[in-house]
C-alpha cells in the first residue's frame, strides 16, 4: 500500500473536487489546496472525527447542514449571474452542482445539449439527467438516449405526458392538429405539464439554452436566474433556480467542444438537423438557415418556443426586440420596427394595392411579392438577397413587391394570401387570378430566379 507521502497533489485535489454532494460532511486527513485556491467557494471547517464527542458531532453536522441551506437560500442570483457572466460552462456547471448536489438535474433533449452532460462529467461530481419523452420523438433520438446512458454510465430519468390528456387531445383534434391551430396546445400536454411535474422534484435545473439559438426570445438569458415560470421542490415563486451554462457560447463552439472531446451525438445531426424536437415538428435546415427554422416551420419566428422556456417570451415585448438591432418600438402589440426591403426596385404594397392585385385576372406584368414582418429574423436574413433579386429584375417585365402582413393585416394575409409563416413569397402570373406560393426554404437569388423563370 502506498504511503501518504506517495499520494500525488493531483490525486488529492481530485479527491477534494469529487467529494460528497452539497449538504454532506466529509472527513479529511489533510487539506488538499491552500485557502486562496478555494476563493469563491464556501470553505469547509475540517476536524478529525475522533476529536468530537458523539452528541457534539451530531450538533456539528446539523449546524453545518443548516448553514448550507441558509447560504443557498440567501444567494443573490442576479449578482451571481453578473459574477459568472464570463465564466466557462465547466466552471458554471461545477458551481451549480456544488451548490445544489442531488437537488439539481440536467435537462437533456437528445440534441447538442449532450455537451452539458460532458461538462458535468468533467467536474467529477455526481449529477442527474432527466428528459421528456413526448411519445413523438425520432427513432434516432431514442437510440441516442441509450448510447448516452452507456457512454456515461448514467440512468436518464424520463418523464412522460399524462395518457388521459394525450388521448383526449388526439380523439378530439387528431394526431396533427398543430399544423392547423399551432403547436402550443400539443406542447402543453406532451412537454410543459410533464416538465412541471419533473421540476417539482428539484431545487434547480440546468438547460442548454444559448443566446444565438433564437435572437427573438433568448437574446438576454443570464447564466443563472430564478426561474420565472416553474416551481421547485419547496413550492412557490422563487423556489426553482435555472442555470444556463452555455448561454454565451456560440453554436459552432459547442460543436468544436463535442468533436474535441469525442462526445457521442445524435445521428440526425448528420442528416441536416440542428435543433431537434418531436419528429412531426422538426426537419433539417438548409445551409445558411437559422437552426430554429427547422422547428415549427409553419409558424411565425417569434412563436418558436414550446413553452419550456416561456419566461423568455414574456421578455420579448418589454425588450422591444432589441436583439435584432433594428430599433424596435412596440405599439398596440405590433412591432413598429424600422422597415426592411427598402429600395426603389421594390414596390411597397398597401392593403388596397394587394387586394387589387388579387382581383386582376389579366395582369400586364407578373409580380413577385414577399409577405413579411420587419421584426422577423428570417425576413431580415433574406433582405439582401431579395433586394439583389429586385435590382436584377428591374426592367425585365417582372414587378417585385412587398406587403407587411403582421399585426392587423395578419388575419387577411392568412385567409387570402396563403400566409403560413414569415416570410411567405408569392408569384402572381400574368393570366391567373390565384398567386402561386414559393415552396422552398432556400431564399438565395438563384433559387428565386429559377422559381420565377419556371412560371413567367
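The values are calculated or read from the model by the stated rules, or taken from the named source; none is laboratory data. As the structure is a computational prediction, the values presented were derived from the model and not from experiment. Heads up, the Cβs are rebuilt from the backbone with ideal geometry, glycines too, and the neighbour counts pull from every protein chain shown.
Things to note:
- The condition of being part of a loop (DSSP other than H, G, I, E, B) and closer than 25 Å to residue 182 by Cβ holds for only one of 421, 433, that being 421.
- All positions within region 269-282 that are within 20 Å of residue 250 (Cα to Cα) and assigned to a helix (DSSP H, G or I): 269, 270
- Residue within region 284-304 that is over 20 Å from the mean Cα position of the chain (by Cα), part of a loop (DSSP other than H, G, I, E, B) and at pLDDT 85 or above present: no
- In region 364-375, the count of residues that are assigned to a helix (DSSP H, G or I), in the same structural domain as residue 424 (by TED's automatic domain parsing) and either surrounded by fewer than 15 Cβ atoms within 10 Å (Cβ to Cβ) or without any contact (Cβ under 8 Å) to a residue 60 or more places away in the chain (or both) is zero.
- Candidate set: region 232-255, residues that are touching a strand residue (DSSP E or B) at 6+ places or on another chain (Cβ under 6 Å) and at pLDDT 95 or above; chosen: the one surrounded by the fewest Cβ atoms within 10 Å (Cβ to Cβ): 241
- Across region 409-431, the qualifying residues are those that are on the phi < 0 side of the Ramachandran plot and out of contact with any helix residue (DSSP H, G or I) (no Cβ under 9 Å at 6 or more places or on another chain), and the one among them that is modelled with the lowest pLDDT is 431.
- Residue 65 vs. criteria at pLDDT below 95 and outside any helix (DSSP H, G or I): no
- Condition check for residue 277: under 13 Å from the mean Cα position of the chain (by Cα), modelled with pLDDT of 85 or more and either closer than 22 Å to residue 189 by Cβ or surrounded by fewer than 22 Cβ atoms within 10 Å (Cβ to Cβ) (or both): yes
- Meets criteria (part of a strand (DSSP E or B), modelled with pLDDT of 95 or more, surrounded by 19 or more Cβ atoms within 10 Å (Cβ to Cβ) and assigned by TED's automatic domain parsing to the domain that holds residue 205) for residue 117: no
- Per-region count, region 373-386, residues under 16 Å from residue 442 (Cα atoms) and at pLDDT 90 or above: 1
- Being assigned to a loop (DSSP other than H, G, I, E, B), under 16 Å from residue 261 (Cβ atoms) and within 23 Å of the chain's Cα centre (by Cα) is a description that applies to residue 112.
- Test for residue 224: is it out of contact with any strand residue (DSSP E or B) (no Cβ under 8 Å at 6 or more places or on another chain) and modelled with pLDDT of 90 or more: no
- Among the residues making up region 392-418, those that are in contact (Cβ under 8 Å) with a residue 12 or more places away in the chain and part of a loop (DSSP other than H, G, I, E, B) are 394, 397, 398, 405, 406, 417, 418.
- Any hit, region 175-197, residues being touching a residue at least 60 places away in the same chain (Cβ under 8 Å) and more than 28 Å from residue 163 (Cβ to Cβ): no
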